[in-house]
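Structure first, commentary second.
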Amino acid sequence: MKLRILLADDHEIVRRGLCALLQKHEGWEVVGEAADGRDAVQKAKQLKPDVVIVDIGMPNLNGLDATRQLVQHDPNFRVIVLTVTDADQVIREALDAGARGFVLKSDAARDLVSAIEALQSKRMFFTPRVNELLLAGFLEKGHAISRSDPPTLPTLTAREREITQLLAEGRSSKEAASLLNLSTKTVETHRSNIMRKLNLHSIRDLVVYAIKNKLIQIEMPPDGKPVAPAPAVAVAQERGEPVGAHRTDSPV
Amino acid sequence: MPEVDIETLHVDEQQPAMTTRILLVDDHPIVREGLKTVLQRRSGWEVVGEASNGAEALEKARTLSPDVMVLDITMPKMNGLDVCRIVRQKMPELEVLIVTQHDSQQMMREALNAGAKGYVVKSNAARDLLDAIEVVSQHRVFSAVTRSVRSE
């Protein structure tokens, strides 16, 4: 029986590359592809793959929240997170979200096969960097630090996080409602709750919050000056936020 | 002596099969693999080499003499814009097509000013890559309408 794999990445060219890599393995089958996190969650529930590979930086619903939703729906979902950065916080969030594998995109051609084989054998797979952190006991320390930080993401429900990402990406309440199959009024109620919970006063504050908490990504050109999404960057700069340090994923 | 079709011979000599030689430059092997799967659709095109950073790209461009360089912007060692400027100066016959994550009119302008002949956003690469290479290999400019171009 073949191992069934679902691929989620917003770039078709990356999905094609991954498919080409995985199809070399007899006994593995790519049963579906998704272009954003929401699509990934829907297709995973529908197709019930053995392994889900998710990119972190995706529109509509990022890969970490998609992982959270999948694992919450069924703890047996085996998710490998693909990312361009092995920054400590991203690693911690991927582990917290329930990922069982963590692979750098730059090393995917080398590590992804090993990661899938590990999950196939009910083991976990992480890049050497994650192993280093685990060995150093860094994760425990990191959690201790984060507990003393002001409450951030955990104060929001999964639905509120989804709406926060969509609003911060520049969508209106009506557009977010349409994407989530909710009424505009419901989204506006969620929006009010989000603002109240986080003590935010404007959509600009919300954008800054989304950047800081890596719900949206910012592209960084070679000169280090962010180019998009323009509203988010402008707001972050206006607020003196170190934009480069807050991005979820850098461009591939 | 076998009969020879002089007409056919003449045509073959006049129109030799032209191969477009392509160099792929991206720091992620998986992206290069994806680009190759798209390029395989077109007969007469050949991926003659790959590079994972700017310095390697320039070295391979020099040794392999490709017709088109498909070039990422954000890469280690030397970024794509700097590669582009050097290619324009040292290898003017080599056309550069930028394939990047940056969906930005500003970045597209910078790339074209640096000497690129075309600009494709990675999210649209599967759709636009073949047309773009076709155009730049004929020494014409290619730029697809992107999200930010529409909104700016």
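Quick notes on this structure:
- Theoretical FRET efficiency, 1/(1+(r/R0)^6), r = Cβ-Cβ of A:T155 and A:K185, R0 30 Å, to 0.05: 0.85
- Spin-label model, A:S178 to B:S43: label points 7 Å out along the Cα-to-beta-carbon direction sit 4.4 nm apart.
- Each residue of the stretch B:35-49 was assigned a 3J(HN,Hα) from its phi angle through the Karplus expression (A = 6.51, B = -1.76, C = 1.60, θ = phi - 60°), giving 4, 5, 5, 6, 5, 4, 5, 9, 6, x, 10, 9, 7, 8, x Hz with x at Gly and Pro.
- Cα→Cβ-extended label distance, 7 Å offset, between B:Q106 and A:I203, nm: 2.0
- Taking 24 Å as the limit for the C-alpha separation, the pairs A:K24/A:K105; B:K36/B:K60; B:K77/B:K122; B:K60/B:K90; A:K45/A:K185 exceed it in the case of A:K45/A:K185.
- The equivalent ellipsoid of the stretch A:4-69 has semi-axes of 19, 14, 8 Å, largest first, where each one is the square root of 5 times an eigenvalue of the Cα gyration tensor.
- Length-normalised contact order for the stretch A:7-91 - Cα pairs under 8 Å, 6+ apart - percent: 28
- Cβ-Cβ FRET estimate between A:L47 and B:Q138, R0 fixed at 51 Å, reported to 0.05: 0.75
Taken together, the values in this text are just the output of simple stated rules run on the coordinates, not laboratory data. Remember, it's a predicted structure, so these values are computed and weren't measured experimentally. Note: ideal-geometry Cβ built from the backbone for every residue, glycine included; neighbour counts use all protein chains shown.
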